[in-house]
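Trainee: Quick one: the structure is below, and I'll ask about it shortly.
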Amino acid sequence: GALQYLTLTRLELAYAVQQVCLFMHDPREPHLALIKRILRYVKGTLSTGLHLSSGPVDSLTAYSDVDWAGCPNSRRSTSGYYVFLGDNLVSWSSKRQTTVSRSSAEAEYRAVAHTMAKCCWLCQLLQELHAPIASATVVYCDNVSVFYMTANPVHRRRRSTSRSTFTSSATRVLWDRFVVLHVPSTHQFADIMTKGLPVQ
């Protein structure tokens, strides 16, 4: 449980810690081995952390990714996102989706919606701090289907997931303040939040 607090500044641990926390109430030997591996990694990288730099904060950029049906037991997807304010990383998350998605496009669409809701909250916070973002928020996703779904407002209204996902009035009003763009999987920063990566 204490490792969860470490993810506030060590975002590369978010996925691994989230996986371990799923078994907190019924841990087994493999879970203990994973905790030991995480602790060895932390001990070897004590100088690593989140660095914030001074610079313009005139744009909000987000990266959203999903590991579709990654859980072998529940078939639920793991979604993750990064949000950059200017060049600084200010928000990130790795968590299981609450529902089972029928396709990777649906899972990615839900993840983008969740990311957009977080960006709406950040835009509102910045506005209350008298530092509003004038430009549109760019959300990068590596699923081409989601790019086309969000680009077509008619298709967006017809999607059943859009009715259930985009229920908050803030998200609907600020829809035009977002631009969803495709990014290749090799340049998807949020990939580390959705699956375990190789040692390299």
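The values are calculated or read from the model by the stated rules, or taken from the named source; none is laboratory data. Because the structure is predicted, anything quoted here is derived from the model rather than measured. Every residue, glycine among them, receives a Cβ derived from its backbone with ideal geometry; neighbour counts consider all protein chains shown. Protein only, heavy atoms only, side chains kept; ligands, DNA and RNA dropped before computing areas. Shrake-Rupley method; radii C 1.70, N 1.55, O 1.52, S 1.80 Å.
Trainee: How about Lys118: which lysines have a C-alpha closer than 19 Å to its C-alpha, ignoring those fewer than 8 places off in the same chain?
Mentor: Lys95
Trainee: Ok, one more. Given a 1.4 angstrom probe, what's the average accessible area per residue across the chain, in square angstrom?
Mentor: Working: 11790 Å² over 200 residues.
Counting only protein heavy atoms, the per-residue value for the chain is 59 Å².
Trainee: Can you give the net charge of the other residues whose Cβ lies under 12 Å from the Cβ of Leu3, counting K and R as +1 and D and E as -1? Walk me through the intermediate numbers first.
Mentor: Working: positive: Arg10, Lys36, Arg37; negative: none.
Taking every other residue near Leu3 into account, the sum is +3.
Trainee: Can I ask one more? Please calculate the 1.4 Å probe accessible area of Arg75, with all protein chains present, and give it to the nearest 10 Å².
Mentor: Accessible area of Arg75: about 120 Å².
Trainee: Counting only protein heavy atoms and a 1.4 Å probe, tell me what percentage of the range 1-87's accessible area is made up of carbon and sulfur.
Mentor: 58
Trainee: Can you sort Tyr140, Tyr109 by 1.4 Å-probe accessible area, starting with the largest?
Mentor: Tyr140, Tyr109
Trainee: What ranking of Trp68, Trp92 comes out by heavy-atom accessible area, probe 1.4 Å, highest first?
Mentor: Descending order: Trp68, Trp92.
Trainee: If DNA, RNA and ligands are ignored and the probe is 1.4 Å, what is the ranking of Glu12, Glu128, Glu29, Glu106 by accessible area, most exposed first?
Mentor: Values: Glu12 50, Glu128 120, Glu29 140, Glu106 25 Å².
Final ranking, largest accessible area leading: Glu29, Glu128, Glu12, Glu106.
Trainee: Cross-link candidates for Lys36: which aspartates and glutamates have Cα within less than 20 Å, leaving aside residues fewer than 8 places away along the same chain?
Mentor: Result set, ordered by chain and number: Glu12, Asp26.
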